[in-house]
1. Return the single residue from Pro108, Pro36, Pro99 with maximal mean-square fluctuation; model: Gaussian network over the chain, springs between Cα atoms under 10 Å.
2. Could you state the angle between the C-alpha long axis of helix 36-46 and the longest principal axis of the C-alpha atoms of the chain, as a value from 0 to 90 degrees rounded to the nearest 10?
3. With everything on Cα atoms, drop me the angle between helix 7-19 and the longest principal axis of the chain, reported from 0 to 90° to the nearest 10.
4. Can you pull the three principal axis extents for the Cα set of the stretch 1-56, in Å, largest first?
5. Identify the trypsin sites (Lys or Arg not before Pro) of the stretch 75-148 meeting these criteria: DSSP loop state and at most 15 other C-beta atoms within 10 Å of the C-beta.
6. Please give me the summed charge of the neighbours of Asp116: other residues whose Cβ is under 11 Å from its Cβ, Lys and Arg +1, Asp and Glu -1.
7. Measure nothing fancy, just the Cα-based angle from helix 142-151's long axis to the longest principal axis of the chain, in degrees from 0 to 90, nearest 10.
8. List the pairs from Lys3/Lys121; Lys12/Lys129; Lys11/Lys118; Lys46/Lys129 whose alpha-carbon separation is above 21 Å, in the order I gave them.
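Just so you know, all these numbers are worked out from the coordinates, no wet-lab data involved. All of these numbers come straight from a predicted model, not from anything done at the bench. Positions of Cβ are backbone-derived with ideal geometry, glycine not excepted, and every protein chain shown enters the neighbour counts.
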Amino acid sequence: MSKIKTLSALKKIVESLKKKNKRIVFTNGCFDIIHPGHIKILKDSKSKGDVLVVGLNSDSSVRRIKGRTRPIMDEKARSKVLEAIELVDFIVIFDEDTPLEVIKALRPDYLVKGEDWKADKIIGREFVKKIFRIKFYPGYSTTGIIQKIRNG
């Protein structure tokens, strides 16, 4: 069974899981080239609850946020890589620049973002019970990896 769901299908799944007292955790990102920093965020996110939902920026969303040369891998490839990671329970692809509509629809219990986000600036914070800010895995970023490859 695929972990990749439409927002409407995932909303029904999440509602059902909440009735079973499952704690829903949400995090999001581009996840363009999976690296140890991504795995740390996913692992830390999963540790906060029972079910981890990952919001994945669509290709057009990544281009608007990161520039015309991104993403490196298209959304189908990125979602398939995420789907293979056991920590991830569900994936929803969103086309907006932020996951606000996804968060509003799902109303997860917990929202996880990187420590670079100030709590009062986290999109969707008003729709969750608690926010967790996760420390980064030092030395890893997709942009840094791309620059290293380009520079040889």
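1. Evaluated over the chain, the most mobile residue of the options is Pro36.
2. Rounded to the nearest ten degrees, it is 0.
3. For helix 7-19, the angle is close to 50 degrees.
4. Answer, in whole Å and largest first: 34, 23, 18 Å.
5. Here the trypsin sites (Lys or Arg not before Pro) that fit, given the DSSP loop and packing criteria, are Lys118, Lys129, Lys135.
6. +4
7. Once rounded, the angle reads 10 degrees.
8. As for pairs spanning more than 21 Å Cα to Cα, those are Lys3/Lys121; Lys11/Lys118.
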